[in-house]
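No value in this document is a laboratory result; all are computed from the given coordinates. As the structure is a prediction and not an experimental result, all values here were calculated from the model. Glycine gets a Cβ as well: all are built from the backbone with ideal geometry, and neighbour counts include every protein chain shown.
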Amino acid sequence: MDNDLKREIIIDNFKNPNNKGLIDDESYIKEKKASDSCIDNFTVQLKLDNDVIKDIRFDGEACAIATSAISISIDKLIGKTKEEALNIINNYLNMIENKDFDKKLLDELIIYEDISKQPSRTKCATLGILGIKDLLDK
Amino acid sequence: MDFKKDFPMLNNDIIYFDNAATSLKPKCVIDAITDYYYNYSSNAHRGDYKLSVKASNKFEDTRRKVKEFINADSEKEIVFTSGATESLNMIVSCFFKDILKENDEVITTKSEHASVILPWFNLENEKGIKVKFVSLDENYCLDENTVISMISDKTKVIVLSHITNVIGDIRNIKAIASEAHKRGIYVVVDASQSIGHINVDVKDMGADFLAFSAHKMLGPTGVGVLYGKEEFLKKFKPFKFGGGMNISFNSPKEIEYKDLPYKLEAGTQNIDGVIGLGTAIDYINKIGIKEIERIDNELKEYLIEKLKKLDNIILYNEKAKSSLVIFNVKGVFSQDTALYLDKYNIAIRSGSHCAKKLEDELGISNTCRISLYFYNTKEEIDRLIDALNNKNILEESIGV
């Protein structure tokens, strides 16, 4: 994927993120996830039904990388089983940490492949998805 | 004047605009610290040999310099701490904790730094005192008359920054203290952002307590000052016990503590840090605090004038008088702006700047902050403006 397209996807998802805004519904589980090194700050909501992710929502203020990454992750993970989702998340985290990973599992999330070259951005790229992972691990 | 030659960091092709977080250090300060370690490394106040006498003298020289720098009455009023945070915590834990009662009121504002507000929030939880916030004016600055009008019979303490670290308004502490003292109210001042930028005179402003850190005024990190009027400081209960602060200890009932300031300085002190602070004061005095203030103001006005010409910039604190400017680039998150500028080796701060209650007033929680100091230049500001004069900051910030 060329860099112009990557940037375009990131900016689209930053400006118009998927599922931004929390809802008042007790069938969702919720977690706050704040970065310890910068100002990114998310609250993530997740609804599971028979081990299948029915919905994920988020709110908070964060940079373009963090916001776009949670937006794309949400799109990718809704409808997956808990096991499938965790597999995608772990592959994504491996990619960010510059370890071996399965490209086929990640689709659009592949645009963050080079983020490990910007150490100050790796936490941005993982904040939201780690929040989702925490909720799946609960 | 060209200050660049005095600051080794400025030879690294960086533009440093985060002086409110910490200032750069002139070579003379770094040299004073290495001189101590190279030539007279020893403990202060502990030995009879020449080295230790020299270390003790240098350490105490700084106390005298601080006393003169802030116009305190006596060296007994100058306590060295690890920084403004510790000083501000000591003021609450060693003094006010014992004298305040449930429902006593402490007045402050929502634009204060965490170190100013949190010790009092903690005391509210522990003892049931009440922290009251004065509202800010339409420019997010503090009007002294609003503070004075909030004083009630329950008010016991007013705690304010001399200059706040986000909005950067310079508070009229003198007017507030004069009114407070008529009613027996204590005045606590955080001078972290004003020290080394404008004249800080504890007697003139009427501070009962004042705190600052060395590292924001050209000194090293890890050292700061707690100033307190002697009559109040005498009543401080030490919160650290150990060597250097006692005369004798025969049994729990027979402990004799040293006089001020030593009873509040337990353990081996940050000797190199204190010596470095002394040299920083010498350096500032050599330029002159009025001259520093003049340069700060000139740079600030120049920066505001240039930023106002850019149509992608939202300015938040144009009216504040100090050397801080907070802004956002339209449509760009503050951190993305900071990372974008970092590509040009321009260091600015983004975020809430530790003043998390300010969001209630400002309506936004995250901004970019440029904080200037006298060694910054108009050429540096021009380079910043060139970088900000770009329609594609967001696209270029993401680094993909």
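Could you state the orientation-averaged shadow area of the convex hull built on the Cα atoms of chain B, in nm² to one decimal?
Working: hull surface 85.2 nm².
Value for chain B: 21.3 nm².
Cβ under 13 Å from B:G242's Cβ, B:G242 left aside: what net charge do those residues give with Lys, Arg +1 and Asp, Glu -1?
Details: positive: B:R46, B:K240, B:K258, B:K263; negative: B:E265.
That sum, taken over residues with Cβ under 13 Å, equals +3.
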Rounded to whole Hz and in sequence order, give me ³J(HN,Hα) for segment B:122-137 from the Karplus expression 6.51 cos²θ - 1.76 cosθ + 1.60, θ = phi - 60°, writing x for Gly and Pro. 5, 5, 4, 5, 7, 10, x, 5, 10, 8, 10, 9, 7, 6, 8, 7
Assigning unit charges at the beta carbon (Lys, Arg +1; Asp, Glu -1) and nothing else, what dipole magnitude in debye, to the nearest 20, does chain A show about its Cα centre? 200 debye
Once both labels are modelled 7 Å past Cα along the beta-carbon direction, what's the B:S365-A:Q118 spacing in nm? 2.2 nm
Considering amide H positions built from the backbone, and no H for Pro or chain starts, which residues 5 or more places from A:L106, or on another chain, come under 5 Å of its amide H? none
Between B:H45 and residues 5 or more places away or on another chain, which pairs have amide H atoms under 5 Å apart, with H built 1.01 Å from N, and which residues are they? B:S56
Whole-Hz ³J(HN,Hα) from phi, Karplus 6.51 cos²θ - 1.76 cosθ + 1.60, for segment B:63-74, glycine and proline x: 4, 5, 5, 5, 3, 5, 4, 9, 6, 7, 7, 8
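How big is the Kirkwood radius of segment B:44-169, worked out from every pair of different alpha carbons and given in Å to one decimal? Numbers along the way, then the final one.
Details: mean 1/r = 0.0588 Å⁻¹.
17.0 Å is the Kirkwood radius here.
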Note, ³J(HN,Hα) from phi for segment A:54-60, Karplus 6.51, -1.76, 1.60, rounded to Hz, x at Gly and Pro: 8, 7, 9, 10, 8, 8, x
Mean projected area (nm²) of the alpha-carbon convex hull when segment B:160-219 is viewed from all directions: 3.9 nm²
Explain nothing, just the number: dipole magnitude of the protein assembly as shown about its Cα centre with +1 on each Lys and Arg Cβ and -1 on each Asp and Glu Cβ, in debye rounded to the nearest 20. 1220 debye
Treat each spin label as a single point 7 Å out from the Cα along the C-beta direction, and report the B:N103 to B:D201 distance in nm. 4.1 nm
Semi-axis lengths (Å, descending) of the ellipsoid that matches the C-alpha gyration tensor of the protein assembly as shown: 45, 28, 25
Tilt relative to chain B, helix B:173-182 - C-alpha long axis, 0 to 90 degrees, to 10: 40 degrees
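Write down the Å³ per residue value for the convex hull defined by the alpha carbon atoms of segment A:3-137.
Considering the Cα atoms of segment A:3-137, their hull volume per residue is 98 Å³.
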Long-range amide H contacts for B:S23: which residues qualify at under 5 Å (H placed 1.01 Å from N, peptide plane, sequence gap of 5 or more or a different chain)? B:K216, B:M217, B:L218
